[in-house]
Number of protein chains: 4
Amino acid sequence: MKPVCLIIGAGAGVGGHVGKRFAQAGYHAVLCRRSDEAGLQKLVADIESAGGSAEGRIVDASQPDTIESLIAEVEAHVGPIEVLVYNLGAQIGNRELKETSAKAFELGWRLGTFGLFRAASTALPYMEERGHGTVLVTSATAAVRGNAGQHSHAAAMGGRRMLCQSLNAEFGPKGIHVAHILVDGAVDAPDTLGKMLGEENFRKLRETRGSADGLLLPEKMAETYFHLAQQHRSVWTHELDMRSYSDLPWWNH
Amino acid sequence: MKPVCLIIGAGAGVGGHVGKRFAQAGYHAVLCRRSDEAGLQKLVADIESAGGSAEGRIVDASQPDTIESLIAEVEAHVGPIEVLVYNLGAQIGNRELKETSAKAFELGWRLGTFGLFRAASTALPYMEERGHGTVLVTSATAAVRGNAGQHSHAAAMGGRRMLCQSLNAEFGPKGIHVAHILVDGAVDAPDTLGKMLGEENFRKLRETRGSADGLLLPEKMAETYFHLAQQHRSVWTHELDMRSYSDLPWWNH
Amino acid sequence: MKPVCLIIGAGAGVGGHVGKRFAQAGYHAVLCRRSDEAGLQKLVADIESAGGSAEGRIVDASQPDTIESLIAEVEAHVGPIEVLVYNLGAQIGNRELKETSAKAFELGWRLGTFGLFRAASTALPYMEERGHGTVLVTSATAAVRGNAGQHSHAAAMGGRRMLCQSLNAEFGPKGIHVAHILVDGAVDAPDTLGKMLGEENFRKLRETRGSADGLLLPEKMAETYFHLAQQHRSVWTHELDMRSYSDLPWWNH
Amino acid sequence: MKPVCLIIGAGAGVGGHVGKRFAQAGYHAVLCRRSDEAGLQKLVADIESAGGSAEGRIVDASQPDTIESLIAEVEAHVGPIEVLVYNLGAQIGNRELKETSAKAFELGWRLGTFGLFRAASTALPYMEERGHGTVLVTSATAAVRGNAGQHSHAAAMGGRRMLCQSLNAEFGPKGIHVAHILVDGAVDAPDTLGKMLGEENFRKLRETRGSADGLLLPEKMAETYFHLAQQHRSVWTHELDMRSYSDLPWWNH
């Protein structure tokens, strides 16, 4: 039975490419997303046609018991989750406080923080029993600094980062690698950034930044996700940042 | 009409002493807490007998529309909220992940992060219209590092800190001072730490640390809260830490 | 005998105003600077005419044994140094790496890091023997992030910040308060920023930012320096930031 | 001509293993250390017997013009330095302030901060002309927090970290990858940690921690150094931490 790489948040960007990379290395990729069954099946087909093993699930992580059942079901019927990738974003674009509804703020938390708590609460006992496992959490600049207009996103990601540290403190010594991946820049992902900006603006941004490598390329990001999961347990990385060479880090002006 | 200092989370510890300090300087203190009407009235009486002005409110900040009505009502009938002190804690003691229920995790967020969002969303438009105001947010070490057993608390406080930065980025230039006060140590407060530890353990801790000043003394903390509210707007502090001289900062072992 | 507030780096900006503030509260201010005897004497005269007590010293902190003799001499003949303010800057403006000479880089360290080590090594044993004392260290954004062109300054200030933490860890429990003051913005100081920018550019900057409070006003900063030195030892602040309300913090873009 | 991986600080620990890893991948490793010609030649022989290419140099980085000549000479006669690994430590063990001489403090800076400045100043112009290159800097927990007794080390490493950020800000957009590798734990390295602790204590530490993987294994660390140098320039990591699974991160107690 192949080890499973379960990806919560697997669109055509980071999640999908991470799935491809792990499948290429012999994992069975379980790809989950909220909608777009067709896109999901295409992703599965791409992986399979490259000789990999994968399957797709439509899951709405904001709803009760969805993440919990998913993980239980995969462990029961698919295989041991060796790598869990939590890749749900919670970015809603810049909004002034008065335009940030309590509902939007809460949804940010549900996807950004609470969903990770639910996924970890369900998956970590399995990993703990096996004495090994990896949890890779995609995160954002908003986890380390709150910009204007980022009330919901920053609160959600700040919570996510602290939760990752707390999970790591409890589960690291039990042999489970928790990593917080700080994606500090725009990802060249048509179905998240692309949708948020609109097609035309996204095309312009790519041109301005250099279409080859001015945005973070998801397939290249996937190499680092994979590396993290391969680190020997004597040298685990808990946190790293990533950005394009042409971008300034968040701490620089 | 006296300027109002509204304190959400005003027990016998930090919140109460901050209220006393501002009342002593001529503010009208509006003290809010979830329960203990008698304790609340004693606090008001203490302030009044020292020549200050105060009133108390019983408010459950975890419930819908409570914070919102409170603020609207104070602005309408009591006076302009010049200083808002958000002093609700969300510490539930150390708990392993498997002992941290989804409900406890959510409550942490409701008090730790969401309540501040609700308070800010309601109070800041008043302050913005006046062009000045101060928001002082009590925070904890868990806002900057997640320890084992702190899943709920760290996620809540990490969200709180990022929210403070985001609020500051939007409202600082509008003349509103937002400060994040990182309380990095145990506070000598009988009705929060005291209750969590139990009477006997609390007494022992105080003795071990030095009963005079080994824990943070709330009345001394109040001096720094007051100083922050008096800083000229050309020199605002957004974040500072506080701890007893005998305690190591969180970053030291 | 009045307690001494010794200020290393006392020009017409932060250092001078801090001296005034402490003198006003009853300290004897010993003001040290590298040059401009006339400016120094004017500062002393200003303090004295306001009823305070002060004296001036010309000291080149980059030279061997200057700081050491100064402190020994003050302790022997002037009075106990209750507050030491280390206020020497090491900013040389933005320079590309190839324009940053080894000599400039070393001078940055001599003033930015090594001078503090020398001052602390000489003054702290006196304070330790008395069981109390305060060391206030002015620092800069470059202590927490290195921008392009800041090779010398960032390395010097990064060293300064870590040294402050190390000093605090050793001497805090001995009753000595070490505080690292992160000045995150341009100070309205004619003889540092003014000289670096030139008179015309400085005038323009002040106008752009708002001449009343768009830059950090040194006399207002001095209030916070003074507050830090008055904090009860149960509630010491080790680090705080300061900036004008109209400035974005270093972590925001 | 093979691309050169130049390692300043190549003993039997991290530096040596990084050299082996890059040599294995086709780089020519130039290994530099201050002393122990025999150990150096053994390292070269090991690499060569595994089919790799390497050479050794004895260099005292604390002396003037040594790093500069080394780099110029390698570029002129050996090959283009594609990867520069700055791996000099500056740890002198825990010492109280009064036992930290000005000389020791200065030496810490010379090896910890200034040597990197010199190496970067000499090597980066070559890389800039070629439009690519990688600078990997080994760093330590002391770069992000100053513990008691770490006055020299923390100041040196704090300076190193800020310098890395400043170098990255200037040279990242020019195609040069600068990475700051925060080694947050004891490395299983007989000739640095082993010498500092003494043979007996080192043996005990290894046993206590788990001799297989309780300390950071240098050959496993080398995999991550290598990965960093292979990251596509659209996804560069500037900073990551590393520690054994059984160690708590520096931010936890």
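The values are calculated or read from the model by the stated rules, or taken from the named source; none is laboratory data. The model shown is predicted, which means the values in this text are computed figures rather than measured ones. Using ideal geometry, Cβ is built from the backbone for each residue, glycine included, and neighbour counts are taken over all protein chains shown.
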Contact list, first residue from region A:155-180 and without any contact (Cβ under 8 Å) to a residue 12 or more places away in the chain, second anywhere and outside any loop (DSSP other than H, G, I, E, B), beta-carbon distance below 7 Å, six or more apart or interchain, is A:Met162/B:Ala142; A:Met162/B:Ala154; A:Met162/B:Ala155; A:Met162/B:Met157; A:Met162/B:Gly158; A:Ser166/B:His151; A:Ser166/B:Ala154; A:Glu170/B:Leu97
Contact list, first residue from region D:39-55 and among the acidic types (Asp, Glu), second anywhere and not in a helix (DSSP H, G or I), beta-carbon distance below 8 Å, six or more apart or interchain, is D:Glu48/D:Ala54; D:Glu55/D:His28; D:Glu55/D:Ala29; D:Glu55/D:Val30; D:Glu55/D:Leu31; D:Glu55/D:Val78
Scanning region B:236-252 residue by residue, those farther than 20 Å from C:Val135 by Cβ, within 7 Å of chain C (Cβ to nearest Cβ) and touching a Ser or Thr at 6+ places or on another chain (Cβ under 9 Å) turn out to be B:Trp236, B:Glu239
Selection status of B:Gly158, modelled with pLDDT of 95 or more, surrounded by fewer than 22 Cβ atoms within 10 Å (Cβ to Cβ) and out of contact with any strand residue (DSSP E or B) (no Cβ under 6 Å at 6 or more places or on another chain): no
Can you tell me which residue among C:Ala156, C:Ala169, C:Ala142, C:Ala120 is within 8 Å of chain D (Cβ to nearest Cβ), closer than 30 Å to C:Pro64 by Cβ and over 20 Å from the mean Cα position of the chain (by Cα)? C:Ala169
Here the residues within region A:191-221 that are surrounded by fewer than 18 Cβ atoms within 10 Å (Cβ to Cβ), assigned to a helix (DSSP H, G or I) and more than 21 Å from the chain's Cα centre (by Cα) are A:Glu199, A:Glu200, A:Asn201, A:Arg203, A:Lys204, A:Leu205, A:Glu207, A:Thr208
If you go through region C:210-224, how many residues are of a type in the set (Asp, Glu) and free of Cβ contacts under 8 Å to residues at least 40 places away in the same chain? 1
Under the condition of being among the charged types (D, E, K, R) and away from chain D (no Cβ under 14 Å), which residue from region C:70-109 is surrounded by the most Cβ atoms within 10 Å (Cβ to Cβ)? C:Glu82
Of the residues in region D:1-27, those that are buried (at least 24 other Cβ atoms within 10 Å of the Cβ) and part of a strand (DSSP E or B) come to D:Cys5, D:Leu6, D:Ile7, D:Ile8
Among helices (runs of 4 or more DSSP H) lying entirely in region D:61-150, which contain 1 or more residues that are among the polar types (S, T, N, Q)? D:66-77, D:115-130
Please tell me if A:Ser246 is within 29 Å of C:Gly185 (Cβ to Cβ) and touching a Pro at 6+ places or on another chain (Cβ under 8 Å). yes
It is to be established whether one or more residues within region C:222-242 are surrounded by fewer than 23 Cβ atoms within 10 Å (Cβ to Cβ), at positive phi and outside any helix (DSSP H, G or I). no
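Yes/no matrix, rows are residues, columns are (1) at pLDDT 95 or above; (2) within 22 Å of A:Asn147 (Cα to Cα); (3) of a type in the set (Gly, Ala, Ser):
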site	(1), (2), (3)
A:Asn201	no, yes, no
A:Leu205	no, yes, no
A:Asp213	no, no, no
A:Ala222	yes, no, yes
A:Tyr225	yes, no, no
A:Arg233	yes, no, no
A:Met242	yes, yes, no
A:Trp251	yes, yes, no
I'm told C:Val30 meets every condition in (1) assigned to a helix (DSSP H, G or I); (2) out of contact with any Pro (no Cβ under 9 Å at 6 or more places or on another chain); (3) more than 19 Å from C:Lys195 (Cα to Cα) except one. Can you identify the failing condition by its number? (1)
